[in-house]
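See below for the structure under consideration.
The values are calculated or read from the model by the stated rules, or taken from the named source; none is laboratory data. These figures come from a predicted structure and were not determined experimentally. In this analysis, Cβ positions are derived from the backbone assuming ideal geometry, glycine residues included, and neighbour counts consider all displayed protein chains. Heavy atoms of the whole protein, side chains included, go into the accessibility calculation; ligands, DNA and RNA do not. Shrake-Rupley method; radii C 1.70, N 1.55, O 1.52, S 1.80 Å.
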Amino acid sequence: MQLIIVESPSKAKTIEKYLKGKYKVDASEGHVRDLPEKRLGVNVSDNFEPNYVVTADKKQTIKRLTEKTAKADKVYLATDPDREGEAISWHLMEVLKLEGKAQRIVFNEVSEKAIKKALEEPREINKNLVDSQQARRVLDRLVGYKLSPLLCKRIQDGLSAGRVQSVTLRLIVDREREIRAFKPQEFWNVVATLKGSTPPQFKALMVELKGKKFKPATKEEADKVLETVSKGEYVVKEVKKSVVKSHPLPPFTTSTMQQDAANKLNMTSPMIMSVAQHLYEGVETPKGHLALVTYIRTDSVRVSTDAQMAARAYIEQNFGKEYVPNSLNVYKSKNKSQDAHEAIRPIDITVTPESLKGVLDKNHYNLYKLIYDRFLASQMSDAVYNQVKVTVENSGYAFKTSGKTVKFKGFTAVYDDYRKDEEDGEESKNLPTLTKGEILKEVKVEGEQKFTHPPVRFTDASLVKIMEEKGIGRPSTYSSIISVLTKRKYTTKEGKFLVPTEIAFRITDMLVKYFSDIMDVGFTANMEDKLDNIENGGKDWRKLIGDFYPPFADQLSKAMRDGDEMTEFVCEKCGAPMLRKTGRFGKYLACSNYPECSNIKSENVEESEEICEKCGSVMIYKTGKFGKFLACPNYPKCTNIKALNEEKSTEKCEKCGGETVVKQGKFGKYLYCKECKNTKSLAEDAGICPVCGKPTRKMASKSGKVFYGCSNYPECSFMSWDMPNGELCPKCGKHLVYSKDGKSVRCSDKDCNYSLKGKNAK
């Protein structure tokens, strides 16, 4: 048996169809091992050795793959054709102990032809690609795990930082500050509506005064222009006629696909990548499981000759010979492009979007159509336009207008690329026939008050564009970075625009203060280039991190110590001097012998009149999440605490007969036995538990929301947001609850419409 291991079950299904049972195909479902979740997992003192662990949810996967690879004569590791995929193959080789038994195969598209060709050209795992992925993973782990605790200490719990994430957040924060600081500047447009000897009339914008660019800054300046031209005459100074060509844009890269889909389809970047992944791995069609597009993580615009020839044949057949360019359209990738894979294109040009209407859902159909149309247009002839540019002069003021009409549609018959004419002046589709020296008649001329606009907030599309332009991250990471910023609530959306939250400003300011290089766009872009060099075999990944880490660790140490002051206080645990530190809740004292001694305490201790009955010390006031309470100062040797909201009670404990007090907890008041620690809720009974038949109690959650919990807790853990009547719905079996007014009963399941008026009403 020969076994192929891919990443996704969907891709496995597609490949199995093409190979017709000649190979077994299984999926690793992504990474099978990674750095541990709850600890650093990188041995800084041992040349940054990563400590990989098998993720808990992959143990069954590994067991299954181990059994299958043991039975296989040959194993092919066919994970995605990028550094992440290469690393997954390497981890599989290590975990499954496949050395000498497995080989690597790669294909840019999930098609029968590509898979069979890959099987004919197996290779060893590319260690440079693996090292490049390891370097990124280790570097990101070091930065993220070291910076996040600093944010939690200084700002609030639950915050995180990241090498690329934090720089991207800075772009958003800086843009927002530009917007807030922006002061609009007034300017005026002077627009003349004119007509010549033949229709139609047209508009022209005043743009120059005596050959120099000029725009009135005030109403007074605009009025002066209007007064002057009203006394003069409009003379056609220049008529320039030309034929202009517009060349089609190249097929999509990961970045341009995200930008175009965000702009035209109103999809978020993470959603675009998710849908694109499905199109790459394969979707269900009437013809079976079918992969539709080539690999979606690429920064190359290169296209295979086979794909180009197929596109040209399709264009000639469906549009005509004139739509096929004389020579192949070849596009140049950017200088830093890895060019490892083709651009994103349809696998089979004959599988048209129209043929998949009703097969794909809206998002999958729209994205496939966008990819398909962009590729098809990229292989078509230029669009040709007749263009006229006219300059009209009056009393030294120059008014300009232009007109453009389609002479030959070319690629625009398929794809609208949304490119705009950047020329100054008004633009009209149709202009009258005008001649140099012709005197025009004024229909009207008017001034329009305008104001300069602040910079525009980033959208998913424009953020991806600037990340690519500045070299921050790589195309495969853009969507995940945007997703993290949203998930962490560092950004919110206003329409399609990304808006930083207040916590984003605090995070950015703190990181810029202490880590100016990490938060510098140029430094981050340069680091990306160095990481790419590892892939090309030009840099040792451990040395790269070794050069980065010591200065970073020094910055981190200074940031952690910033604001520390030596005090006269002595640590009661070890005798070392105490430091005065600043945390997110203010100043506190900490032992200078940390980490050997981790003693901390409040500098301003407020003593009470209560004596600790366990050790005899004077108890002190402390504040917790439920308010103030009394605590023994000898903690942790003595852990005695007392609530301040205790009330005396005459009721004896139902279990031991001991003395009880009334306390206030997060779910309301309760009896607490001082002897046996037994508790009993004092919440009022309201409703009947449908599980055990005991009364339920009206209680309040931590946030103050009312709910009903069974009085038999913990033996019965039933709870409901509405008062239960003790019966089950005859329609769906869920429990019944009273309406708010108590006059009817309804099912607790909102999807079930069962209700009955008057039944068991209160």
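Search segment 201-229 for residues being touching a strand residue (DSSP E or B) at 6+ places or on another chain (Cβ under 8 Å) and loosely packed, with under 12 Cβ neighbours inside 10 Å, and hand back the single one that is farthest from Glu446 (Cα to Cα).
Among those that are touching a strand residue (DSSP E or B) at 6+ places or on another chain (Cβ under 8 Å) and loosely packed, with under 12 Cβ neighbours inside 10 Å, it is Gly211.
Which condition number does Asn753 fail, the rest of (1) of a type outside the set (A, V, I, L, M, F, W, C); (2) under 17 Å from Cys692 (Cα atoms); (3) under 42 Å from the mean Cα position of the chain (by Cα); (4) open to solvent by 40 Å² or more (accessible area, probe 1.4 Å) being met?
With respect to (1) of a type outside the set (A, V, I, L, M, F, W, C); (2) under 17 Å from Cys692 (Cα atoms); (3) under 42 Å from the mean Cα position of the chain (by Cα); (4) open to solvent by 40 Å² or more (accessible area, probe 1.4 Å), Asn753 is out only on (2).
Looking only at segment 41-51, decide whether some residue is assigned to a loop (DSSP other than H, G, I, E, B), touching a strand residue (DSSP E or B) at 6+ places or on another chain (Cβ under 9 Å), among the polar types (S, T, N, Q) and surrounded by 18 or more Cβ atoms within 10 Å (Cβ to Cβ).
No, that holds for no residue.
Return the only residue of Asp131, Asp140 being crowded, with 17+ Cβ neighbours inside 10 Å, within 17 Å of Arg474 (Cα to Cα) and charged (D, E, K, R).
Asp131
Suppose the filter is touching a residue at least 12 places away in the same chain (Cβ under 8 Å) and in a strand (DSSP E or B); does His289 pass it? Reasoning before the result, please.
Working: touching a residue at least 12 places away in the same chain (Cβ under 8 Å): yes; in a strand (DSSP E or B): yes.
Against the criterion (touching a residue at least 12 places away in the same chain (Cβ under 8 Å) and in a strand (DSSP E or B)), His289 qualifies.
I'm trying to understand the selection: among the residues of segment 441-467, which are closer than 18 Å to Ala261 by Cβ and either under 12 Å from the mean Cα position of the chain (by Cα) or not in a helix (DSSP H, G or I) (or both)?
Phe458, Thr459, Asp460, Ala461, Leu463, Val464, listed by residue number.
Scan segment 468-514 for residues that are part of a helix (DSSP H, G or I) and either in contact with a Phe, Trp or Tyr (Cβ under 6 Å, 6 or more places away or on another chain) or more than 14 Å from Thr168 (Cα to Cα) (or both) and jot them down.
Passing the criteria: Ser476, Lys487, Glu502, Ile503, Ala504, Arg506, Met510, Lys513, Tyr514.
I'd like the full set of residues that are open to solvent by less than 10 Å² (accessible area, probe 1.4 Å) and under 28 Å from Ala135 (Cβ atoms), limited to segment 461-490. Reasoning before the result, please.
Going through segment 461-490, the residues open to solvent by less than 10 Å² (accessible area, probe 1.4 Å) turn out to be 461, 463-464, 467, 472-473, 478, 482, 485, 490.
Matches in segment 461-490: Leu463, Val464, Met467, Ile472, Gly473, Tyr478, Ile482, Leu485, Tyr490.
Is one or more of the residues making up segment 239-248 outside any helix (DSSP H, G or I), within 30 Å of Leu292 (Cα to Cα) and either free of Cβ contacts under 8 Å to residues at least 60 places away in the same chain or not polar (S, T, N, Q) (or both)?
Yes - at least one qualifying residue is present in segment 239-248.
I'm trying to understand the selection: among the residues of segment 575-632, which are in a loop (DSSP other than H, G, I, E, B), modelled with pLDDT under 75 and among the polar types (S, T, N, Q)?
Ser602, Asn604
Would you mind stating whether Lys117 is in contact (Cβ under 8 Å) with a residue 60 or more places away in the chain, open to solvent by 20 Å² or more (accessible area, probe 1.4 Å), more than 22 Å from Thr477 (Cβ to Cβ) and over 28 Å from the mean Cα position of the chain (by Cα)?
Judged against the criteria, Lys117 is not a match.
Tell me, please, whether a residue that is out of contact with any Ser or Thr (no Cβ under 9 Å at 6 or more places or on another chain), surrounded by 15 or more Cβ atoms within 10 Å (Cβ to Cβ) and of a type outside the set (Lys, Arg) can be found in segment 273-291.
Yes, segment 273-291 contains a residue that is out of contact with any Ser or Thr (no Cβ under 9 Å at 6 or more places or on another chain), surrounded by 15 or more Cβ atoms within 10 Å (Cβ to Cβ) and of a type outside the set (Lys, Arg).
Restricting attention to segment 373-412, which residues are open to solvent by less than 10 Å² (accessible area, probe 1.4 Å) and either free of Cβ contacts under 8 Å to residues at least 12 places away in the same chain or closer than 30 Å to Ile272 by Cβ (or both)?
Phe375, Leu376, Ala377, Ser378, Gln379, Met380, Ala383, Gly410, Phe411
Of everything in segment 703-731 that's at pLDDT 85 or above and farther than 13 Å from Gly687 by Cα, which residue is most open to solvent (accessible area, probe 1.4 Å)?
Lys731
Count, please, the residues in segment 115-174 that happen to be touching a Lys or Arg at 6+ places or on another chain (Cβ under 9 Å) and of a type in the set (Ser, Thr, Tyr).
The number of residues fulfilling the criteria is 3.
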